[in-house]
1. Pulled fully out, how much extra length does the chain show between A:ARG23 and A:GLU69, if you take 0.36 nm times their separation in residues and subtract their Cα-Cα distance?
2. Any idea how far apart A:SER11 and A:ARG61 come out in nm if each label point goes 7 Å out from Cα toward Cβ?
3. Percent of Cα-Cα pairs more than 22 Å apart in segment A:4-153, please.
4. With the crude spin-label approximation of a point 7 Å out along Cα→Cβ, what separation in nm comes out for A:ARG34 versus A:SER153?
5. So which chymotrypsin sites (Phe, Trp or Tyr not before Pro) in segment A:65-154 are both in a DSSP loop and have at most 16 other Cβ atoms within 10 Å of their Cβ?
6. Using the number of other C-beta atoms within 10 angstrom as an exposure proxy, rank A:ARG34, A:ARG51, B:ARG67, A:ARG23 with the fewest first.
7. Which number do you get for Rg(Cα) / (2.2 N^0.38 Å) in segment B:63-111?
Amino acid sequence: MTHELLNGLTSAEAEQVLRLGTRLMVPAGTELFRLGDPADRLFLTERGRIRLTMPMQVRGREEDIFVEEMAPGQTVGWSALIPPYRFTLTATASLHEAKVIALPREALHGYFAANPAAGYKIALNLAVVIGHRLQLSQTMWVREMQRTVEVRSA
Amino acid sequence: MEMLLMGLCMAVFGVGVAAVAFGAATRSESSDSVVQPQLPLVKAAVPARFFSDHAAVTPTVPPVPPRQVPIEVLLLQIENHVRMEQAAAEVFIAFPSEARLHSKTTSPFVN
């Protein structure tokens, strides 16, 4: 299993990072974390899929609206490394049980301090993950805005 | 003399009959002139129909309120829309161009 967050690390470095974490089984439909929760752990998906959702008012009811689905190898919950360390989405295991590795922030910070070269690679990988999310979000936002402008100026 | 009186009576009778006939003709003509202009209006308002020339009243259909889709279906439509938009955004990120950024979606949620 290759994790996007560990790209470029030697197998020994990757093993060291993975040993910092705890493997968790998340039953289907169970929340891994909820929007607003303190984010003190980062998750690497190993098996199954994690749905990321945000609340939206639909017909007067608050519903969790699908935002993104994370596949094995992808990183979930990078808010654990970004202040103010609060989750901005809700993460739930999809149709099947999911398996994730939970990496505590404190342990990661300690590892980065002790292994700056590996920490730098991980930080770059994290920038790729966050950058991709930003690009996706701004593209989708512009497309929605374009539709709104077309409707309003019609 | 008798012949003269008979001729006079016949003339008076003929004048009377002519007067009555003229009066009847004049009265019917005036009453028709009131009713007739309405007929073309009624006909014009009624659409042409097969096998029927009756100026029937058009049946009024009560307005049907738009049916709301169940919320589960609506949420699924939103999810599909997000997935489609995400796919379109991925294509734009891989090969950025204005055309790809503003490519029309086929998502039924907004069409």
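1. On the way: separation 46, 0.36 × 46 = 16.56 nm, distance 1.97 nm.
Taking 0.36 nm per residue and subtracting the Cα distance, the gain is 14.6 nm.
2. 5.1
3. Working: 5039 of 11175 pairs.
Above the 22 Å cut-off, segment A:4-153 has 45 percent of its Cα pairs.
4. Once both label points are built, they end up 4.3 nm from each other.
5. The qualifying sites are A:TYR85.
6. The order, fewest Cβ neighbours first, is B:ARG67, A:ARG23, A:ARG34, A:ARG51.
7. Compactness ratio reported: 1.51.
Each reported figure results from applying straightforward, stated rules to the coordinates on display, with no laboratory input. Predicted model only: the values in this text are computed from it and were never measured. Please note: Cβ atoms are built from the backbone with ideal geometry, for glycine as well, and neighbour counts cover all protein chains shown.
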